[in-house]
Amino acid sequence: MSLKASELILNEDGSIYHLGLLPEEISSTVITVGDPARVSRISQHFDNIEVTRTKREFCTHTGTLNGKRITVMSTGMGTDNIDIALTELDALANINLEKKELNPDSKSLDIIRIGTTGSIRKEIPLDSYIVSELAMGFDGLMHYYNSEAFLENDFSEAFVEQTGWSSKKALPYVVSGGKDLLTKMSSEKTIPGFTATNVGFYGPQGRVLRNSIPVPEMNNKIAAFSFRDKQITNLEMETSGIYGMAKLMGHNAVSMNAVLANRATGEFSSDPKKLVDDLITYCLEKITT
Ligand SMILES: O=P(O)(O)O[C@H]1O[C@H](CO)[C@@H](O)[C@H]1O
Ligand SMILES: O=c1cc[nH]c(=O)[nH]1
């Protein structure tokens, strides 16, 4: 059955609506970043670049490094953008856009997020790298899909109870990263983490400039949460959405986080550019070997 024009939306050139890409323009290995400017900081390492496309906050370069074809794409900030980016990436991989029909065999993508984050633990210092084994989403995205099969609801229940999480906020959901990619991207240079994904950068992460927030000690409560020997390590804005969308559609995902803020000590990295560039170099080496 053909998908309706209002559901699978294509541009005049046949490309997918928000990303502006055609199926042959993406690799099965996709690096995602929040910042569009970070795309060329990654693709400058490629031996060649065959595709460059920008539409809204979605800037995409596809090229080859050491014989491996890689796509790098910016998603902008937040899991609302992740819903669009991953759904459209999946459509490029698994839907015949001309016939508007699902392909008979489904294809699985490797999705590697290279992002920045704030640690909420003193013992996870500035300038370290966290690989997210688990993600807890405060964003609610997974509740809009049939995701019950893979959500780790016992973690969510314990979290709500231990932190006194308000029912006015979305129920936190917990989802794991892709096992093989977690192993591939981890080393003695990385710290395994449990990443909390927030709906914003300021109030939702407990930052106060001029606005007050209802539970000023929430980051401490999040840091004190403990269940089955797991504790939350860091805050950012995309990982839970990426892990959830990847699990829904049969893709593998891992989130690599450069710690540029430590919220427990109040410090910020003195050289965030170098920190991210070093993580990029680390990830490209791991991806291509
Ligand atoms: O550096 P990126 O990948 O954008 O990730 C982090 O930085 C942004 C906030 O400054 C959010 O997107 C957060 O998840
Ligand atoms: O503290 C931080 C740093 C980077 N990104 C975030 O979302 N939070």
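Taken together, the values in this text are just the output of simple stated rules run on the coordinates, not laboratory data. Because the structure is a prediction, the values reported are computed rather than measured. Quick reminder, even Gly has a Cβ in these numbers, built from the backbone with ideal geometry, and neighbours come from all protein chains shown.
About its Cα centre, what dipole magnitude does segment 23-288 give when the only charges are +1 on Lys and Arg Cβ and -1 on Asp and Glu Cβ, stated in debye to the nearest 20? It would help to have the intermediate numbers written out before the result.
Working: 28 positive and 34 negative charges, 101 e Å.
Computed charge dipole of segment 23-288: roughly 480 debye.
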Discussion item. I'm checking a number: the convex hull volume of the Cα atoms of segment 23-288, normalised per residue, in Å³. What is it?
Written reply: 136 Å³
Discussion item. Compute a Gaussian network model of the chain, connecting alpha carbons closer than 10 Å, and tell me which residue from 161, 152, 25 fluctuates the most.
Written reply: 161
Practice prompt. For segment 1-75 and segment 227-255, write down the distance between their C-alpha centroids in whole Å.
Written response: 22 Å
Practice prompt. With springs connecting C-alpha atoms under 10 Å apart, model the chain as a Gaussian network and identify which of 29, 60, 195 has the largest mean-square fluctuation.
Written response: 29
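Relative contact order for segment 150-289: what percent, with Cα pairs under 8 Å and sequence separation of 6 or more? Spell out each step's value before the answer.
On the way: 133 pairs, mean separation 37.5, N = 140.
RCO, segment 150-289: 27 percent.
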Worksheet item: Can you list the HN-Hα couplings for segment 113-127, worked out from phi with the Karplus curve (6.51, -1.76, 1.60; θ = phi - 60°), rounded to whole Hz and with x for Gly and Pro?
Response: 8, 10, x, 10, 7, x, 6, 10, 10, 3, 6, 9, x, 3, 6
Worksheet, complete the sentence: Around residue 69 (Cβ within 13 Å, Cβ-to-Cβ, excluding residue 69; K/R +1, D/E -1) the net charge comes to -4
Practice prompt. Would you look at the GNM of the chain, springs on alpha carbons closer than 10 Å, and say which of 187, 166, 176 moves the most?
Written response: 166
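For Cα pairs less than 8 Å apart in space and 6+ apart in sequence, what is the mean separation divided by the residue count of segment 23-288, i.e. the relative contact order in percent? All intermediate terms of the calculation are to be shown ahead of the outcome.
Values: 547 pairs, mean separation 68.1, N = 266.
For segment 23-288, the relative contact order is 26 percent.
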Worksheet item: Reachable lysines from residue 4, Cα under 19 Å, same-chain residues fewer than 8 places away excluded?
Response: 99, 100
Fill in: residue 169 paired with residue 289, simple spin-label distance in nm, labels 7 Å along Cα-to-beta-carbon
4.0 nm
Practice prompt. Divide by every residue of the chain the summed helix terms, -39500 (n - 2.57) for each DSSP H run of at least 4, and state the resulting mean residue ellipticity at 222 nm, rounded to the nearest 500 deg cm²/dmol.
Written response: -8000 deg cm²/dmol
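Output the Kirkwood hydrodynamic radius of segment 40-165, Cα pairs only, in Å rounded to one decimal. Intermediate results must be reported in sequence, preceding the final value.
Values: mean 1/r = 0.0557 Å⁻¹.
So the Kirkwood estimate lands at 18.0 Å.
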